[in-house]
Amino acid sequence: MLAVALYKAAVFPLVAGSVSAKEQQARRTVAYRMSAYDSLPRQVRLSAAEALEAIDDGQDVEAVRTTLQALTMAVYDCRLRSR
């Protein structure tokens with residue numbers, strides 16, 4: 001979840017032009033690799049994929065916010081079930 005949130009921050013920075021294309025690409029690579037990790041529950045991987053797709057689209061901040069909330073809930077649900 002953290003890697004996806006950091007990628008979102010690079011795509012939608014608070015100050016325009018404050019994140020280089022190279023840094024954005026590096027954060028994207030890390031987010032995709034961590035989101036595809038086999039040990040993650042399937043629902044978390046699917047939610048992360050949806051969030052990454054919305055971020056890659058780069059147009060609708062509200063859609064990104066919604067998918068990140070869904071990812072947060074998927075992680076939360078998995079943590080509750082693992083107790």
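Rule-based calculations on the coordinates, nothing more; no lab input. Being a predicted model, the structure only gives us computed values, none of them experimental. Every residue, glycine as well, gets a Cβ built from its backbone with ideal geometry; the counts of neighbours run over all protein chains shown.
Between Leu2 and Leu46, the distance separating the two model label sites (each 7 Å from Cα on the Cα→Cβ line) works out to 2.7 nm. Note on segment 60-83 and segment 1-59: Cα centroid distance 14 Å, given to the nearest whole angstrom. Modelled this way, with points 7 Å down the Cα-to-C-beta line, the labels at Ala36 and Ala63 are 2.2 nm from one another.
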